[in-house]
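The values are calculated or read from the model by the stated rules, or taken from the named source; none is laboratory data. These numbers were taken from a predicted model, which means no experiment stands behind them. Cβ coordinates were reconstructed from backbone atoms using ideal geometry, including for glycine residues, and neighbour counts include every protein chain displayed.
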Amino acid sequence: MFIFATIITLVILQRIVELQIAKRNEQRMIRLGAYEVGASHYPFMIAMHISFFISLILEVVFFERTLSPLFSYLLVFFLLVQALRIWCLRSLGIFWNTKIIVLPGARVVKKGPYHYLRHPNYLVVCCEIFLLPVMFQAYATALLFTVLNTIMLFVRIPLEEKALLEAYEQTEFNEITEK
């Protein structure tokens with residue numbers, strides 16, 4: 001139980017720090033002329049992530065889940081996923097956010113992991129939502145939130161793609177008409 005409490009505490013603290021970074025990035029982007037897209041789904045996404053942690057804690061504590069027999073391997077994979085998360089945040093810089101914040105005229109970031117994958121941060125989230133519960137044999141949480149997160153991404157990714165495309169097309173149109 002000590003290992004679970006330590007890991008879950010560290011992950012929750014990491015999320016709190018990430019929310020602070022996201023808020024700071026949002027404020028900076030808004031000052032530069034950015035705007036938010038898809039705000040209506042954001043509360044559901046937050047509720048899903050909070051519910052994930054509650055479900056994980058309840059399943060592990062009340063059903064007395066223990067470490068997976070593959071815990072060591074899963075932990076290594078989880079730590080590699082965390083390294084990818086940090087790489088994503090650093091690569092996006094002020095563009096990284098938990099919300100969809102679009103800055104007209106900005107080019108899509110294609111450095112770091114974004115050079116290889118369109119949405120590596122979403123891959124990180126998918127891996128975490130599956131790995132963290134499986135590390136502690138909380139299979140119900142792993143299954144339920146993998147499904148819920150997939151549904152959320154089917155909403156979020158098209159919204160993000162459409163917003164980025166519209167911002168890019170608008171910028172391109174303005175550049176053509178200004179010439």
| Residues of region 130-169 satisfying the condition of being crowded, with 16+ Cβ neighbours inside 10 Å and among the small types (Gly, Ala, Ser) | Ala138, Ala142, Ala163, Ala167
| message | Which condition from (1) surrounded by fewer than 16 Cβ atoms within 10 Å (Cβ to Cβ); (2) under 17 Å from Tyr139 (Cβ atoms); (3) basic (Lys, Arg) is the one that Arg65 breaks? | response | (1)
| message | Residues to consider are Leu58, Leu10; find the one that is surrounded by fewer than 13 Cβ atoms within 10 Å (Cβ to Cβ) and assigned to a helix (DSSP H, G or I). | response | Leu10
| remark: Inside region 108-132, the number of residues satisfying the requirement of being without any contact (Cβ under 8 Å) to a residue 12 or more places away in the chain and of a type in the set (A, V, I, L, M, F, W, C) is 1
| remark: With criteria (1) more than 18 Å from the chain's Cα centre (by Cα); (2) among the basic types (Lys, Arg); (3) surrounded by 18 or more Cβ atoms within 10 Å (Cβ to Cβ), Arg85 comes up short on (1)
| message | If Asn25 satisfies all but one of (1) in contact with a strand residue (DSSP E or B) (Cβ under 9 Å, 6 or more places away or on another chain); (2) without any contact (Cβ under 8 Å) to a residue 40 or more places away in the chain, what's the number of the condition it fails? | response | (2)
| query | Are any of the residues in region 20-38 modelled with pLDDT of 95 or more, within 19 Å of Ile151 (Cα to Cα) and surrounded by fewer than 17 Cβ atoms within 10 Å (Cβ to Cβ)? | reply | no
